[in-house]
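Take a look at the structure below.
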There are 2 protein chains.
Amino acid sequence: MKLLEDLAAREAAATDRSGHRPDTLPDGVVRATCVDDVVETLRWASAHRTPVVPRGAGTGLAAGASARAGEVVLDLSGLDRIVQLRPDDQVAVVEPGVLTADLDAAAGEHGLFYAPDPASAAISTVGGNIATNAGGLRCAKYGVTRESVLGLDLVLADGRRLSTGRQTVKGVAGYDLTSLVVGSEGTLAVVVGATLRLRPRPAETATLAAHFDDVVAAAAAASAITSARLQPSVLELVDAVTLEAVDAARGSSLRSRGAAVLVVQCDGRGAVADTAAVGEVVAPFATSWSSTTDPAEAEELLAARRAGLPALEATGDVFIEDVSVPRSKLAEAVSGVQAISARTGVRIATIAHAGDGNLHPIVVVERGATVTEGPPWEAACAVFDLALSLGGTLTGEHGVGLLKRTWLRAELGQDSLDLQRGLKAVFDPLGILNPGKAI
Amino acid sequence: MKLLEDLAAREAAATDRSGHRPDTLPDGVVRATCVDDVVETLRWASAHRTPVVPRGAGTGLAAGASARAGEVVLDLSGLDRIVQLRPDDQVAVVEPGVLTADLDAAAGEHGLFYAPDPASAAISTVGGNIATNAGGLRCAKYGVTRESVLGLDLVLADGRRLSTGRQTVKGVAGYDLTSLVVGSEGTLAVVVGATLRLRPRPAETATLAAHFDDVVAAAAAASAITSARLQPSVLELVDAVTLEAVDAARGSSLRSRGAAVLVVQCDGRGAVADTAAVGEVVAPFATSWSSTTDPAEAEELLAARRAGLPALEATGDVFIEDVSVPRSKLAEAVSGVQAISARTGVRIATIAHAGDGNLHPIVVVERGATVTEGPPWEAACAVFDLALSLGGTLTGEHGVGLLKRTWLRAELGQDSLDLQRGLKAVFDPLGILNPGKAI
């Protein structure tokens, strides 16, 4: 274990991609290359009562890995081995620094895939995904990260090692510590290994893209797909503000075809028939739609979705919200976000995992402007209020981090927060693990 | 709230279907008919430091609901309303006493289904399923109870009410208290309501049954199905001992067709093609196989599986084990159980959720004989040891209850148990909720 104290290391590890800028820098950074480095760091931190901020690739969107003076960053991105890939068990054992897309690619060589696929999969780590219980596009059908984690290897706050869960698909011996740690944003223990469920790669995939005159029609079509008892593996919505940014970035003309796009993917041996059924459902809402089983054409149909966030980031600084609502409320949520944008004069783009009712309203401000005050922040707050008023949650998959803690009590209530703080104290009695985050 | 103290009520609530017989009876029984009954009972119990044993339909298989002198049983089977069924959100809100099959049937009227389907679904409650994180046949594809629980309404040990989770498909605000309570066997809180995920009923279903000369070949065929990257919704194995009991009970001649049966179901618009692919995989292992899309014929193919346990129970008293192993170890586990039976002279039948690697070796003794001592218990212990030696777990879906606690430390280790007891103390500082169970 070596504590890096130079300015460059401290600056590089100070925050994530949320747009949050702490007003001080962490005291130092440990770049772990083996589990012993983690054990030693936590023993040292416990002895010195020094807060530790675990960090993966720093792609978080809620400032869950932001660190400041008095804190030490524990960078786990160097623990990046795929330790085992057991195709016949459909199980992988990995270190936390493995990039999510790399694991998926390794599984692909055996006809398998790793289901969680946040938009950041190519640059985010499995450990970071576990910290936030990341979702993604495919979780419409295959569930979020928690549903793919069978067991964890942890280092506790005092440096002891602990394994949770199991190597088997099912298991109910004792409390589900694994699920408790998934999504706990580094506040309960440090993940140094994960046993993950892989799934059979589907025999066939078909992709459909539909264009709409307005985004509320697109949202209504998405809800209609769910109501029709269809189960796409991907069901994504992209609004006009995003399409304009994509067109500007790529020289495409998507916006001219309508004010919103739905991209739908079905998989399995019934993929073509399922996609045809989706087409019938969306047709009354859409201005046009097309489908394909060709992988290259499918990528083209998905391009508007994939290019959305980078295109928006090219036009200014962004704050990405992550509210989730019951699926039948999707159109109401989308039109509510539009009304907030109109009322506050703040530019808000919306990309949504429509199949889950999970919206990413993206507040876009001029480069260098602050999101966390003035009208942009008022707009962001109004979106949270909207989600809660529709029976939703303030975060579907990005986590609470530092930035969403102020709303947490409104959603959970004081009793729940007190109980959760009690649980944290059992894992971390000295309160050194990522204090001030998540709960 | 009314405490029933008559002998009949106390005898009826003293144990479950595990075969365990406590040597004393509980002091009394409260049959709750509303949430206030639960609140009042727990306030009273806290004030008097009286242990409370929550109970659903009493179909548990690990003595998780067994109660004795000094304890009071809280019977929740009277809280049996389906409060909401929101088809467009694919969500149901239910009280804990709803029978699992009744919820599934109610969902079916809207083209939906409730995925968890333990063999006891017709007689077990949703609340009991939540207590044990029950699995079933369909969890091969659709996951166990935890994957279908979005949120819970709880009464805490001191009588306070607390809601966990959410009404949405996704959500990561705060720690996952919902997953922690699922599978905790009534030791953390009393579940008085659940928000459950429903799923679209598949467009098509096809069923295949294959016969084998010996059970190890059947297990190998099951593993081969998984290895072939096929994803059946049901993949069940039934051995010769069970087939003989089924033949005796039903007058069938299944045993004459081979020493083991695999029953496989695939669903979705690709069901027929998937089942044909399963047929190709099992053919080299099997003596014969047939498939159908006719629901009545499918039920006939499934009959050997469904009739298995009742048929065995007709031949004697049973102790049902619930070990789970990595899926590639299924054949090794099945042959290991056979060897244990041969070595100890104890009759052991095996039914397995083969798709999950979850085996139910069923120790059968003469009516009235004790399972928990002598050779039958030695055989049961040997099965646990076998599972752990194969990287497995002692319980896949039935829970730990009272009967499996002695093995728990071997699987989890002392540090994990200590941590779990710390978590319990946060929820239940007086230790009045189902003490001595689960952990």
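Odds and ends about this structure:
- When A:R367, A:R347 are checked against the criterion of being more than 17 Å from A:D322 (Cβ to Cβ), surrounded by fewer than 21 Cβ atoms within 10 Å (Cβ to Cβ), out of contact with any Asp or Glu (no Cβ under 9 Å at 6 or more places or on another chain) and among the charged types (D, E, K, R), A:R347 stands alone in meeting it.
- Residue satisfying all of: in segment B:173-198; more than 7 Å from every other protein chain (Cβ to nearest Cβ) and among the charged types (D, E, K, R); nearest to A:E147 (Cα to Cα) among these: B:R197
- Counting the residues of segment B:200-231 that are within 14 Å of chain A (Cβ to nearest Cβ) and either touching a Lys or Arg at 6+ places or on another chain (Cβ under 9 Å) or in a helix (DSSP H, G or I) (or both) gives 16.
- Among the candidates B:D322, B:D356, residue that is surrounded by 23 or more Cβ atoms within 10 Å (Cβ to Cβ), out of contact with any helix residue (DSSP H, G or I) (no Cβ under 9 Å at 6 or more places or on another chain), within 14 Å of another protein chain (Cβ to nearest Cβ) and of a type outside the set (S, T, Y): B:D322
- Taken over segment A:96-121, the residue count meeting the criterion of being on the phi > 0 side of the Ramachandran plot and buried (at least 21 other Cβ atoms within 10 Å of the Cβ) is 0.
- Taking segment A:192-211 as the range and being of a type in the set (S, T, Y) and surrounded by fewer than 24 Cβ atoms within 10 Å (Cβ to Cβ) as the test, only A:T205 passes.
- Selection of segment A:248-278 for residues being in contact (Cβ under 8 Å) with a residue 60 or more places away in the chain, more than 12 Å from chain B (Cβ to nearest Cβ) and surrounded by fewer than 21 Cβ atoms within 10 Å (Cβ to Cβ) yields A:A248, A:A249, A:R250.
- Which numbered condition B:R21 fails, given (1) at pLDDT 95 or above; (2) surrounded by fewer than 20 Cβ atoms within 10 Å (Cβ to Cβ); (3) closer than 10 Å to B:S66 by Cα: (1)
- Candidate set: segment B:384-439, residues that are touching a strand residue (DSSP E or B) at 6+ places or on another chain (Cβ under 7 Å) and more than 7 Å from chain A (Cβ to nearest Cβ); chosen: the one surrounded by the fewest Cβ atoms within 10 Å (Cβ to Cβ): B:I432
- Complete set of residues in segment B:133-172 that are β-branched (V, I, T), at pLDDT 95 or above and farther than 26 Å from B:T226 by Cα: B:V149, B:V155, B:T164
Yes/no per residue for (1) charged (D, E, K, R); (2) closer than 26 Å to B:V38 by Cα; (3) not assigned by TED's automatic domain parsing to the domain that holds B:T350:
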residue	(1), (2), (3)
B:L152	no, yes, yes
B:T168	no, no, yes
B:S184	no, yes, yes
B:A189	no, yes, yes
B:T195	no, yes, yes
B:A206	no, no, yes
B:A210	no, no, yes
B:D214	yes, no, yes
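- Filtered by the rule that a residue be among the small types (G, A, S), within 7 Å of chain A (Cβ to nearest Cβ) and surrounded by fewer than 23 Cβ atoms within 10 Å (Cβ to Cβ), segment B:140-172 gives a lone residue, B:G143.
- In the set (1) farther than 21 Å from B:K404 by Cα; (2) free of Cβ contacts under 8 Å to residues at least 40 places away in the same chain, B:Q338 fails one condition alone, (2).
- Helices (runs of 4 or more DSSP H) fully within segment B:334-439 counting 2 or more residues that are modelled with pLDDT of 95 or more: B:374-389, B:414-427
The values are calculated or read from the model by the stated rules, or taken from the named source; none is laboratory data. All values reported here derive from a predicted model rather than from experimental measurement. In this analysis, Cβ positions are derived from the backbone assuming ideal geometry, glycine residues included, and neighbour counts consider all displayed protein chains.
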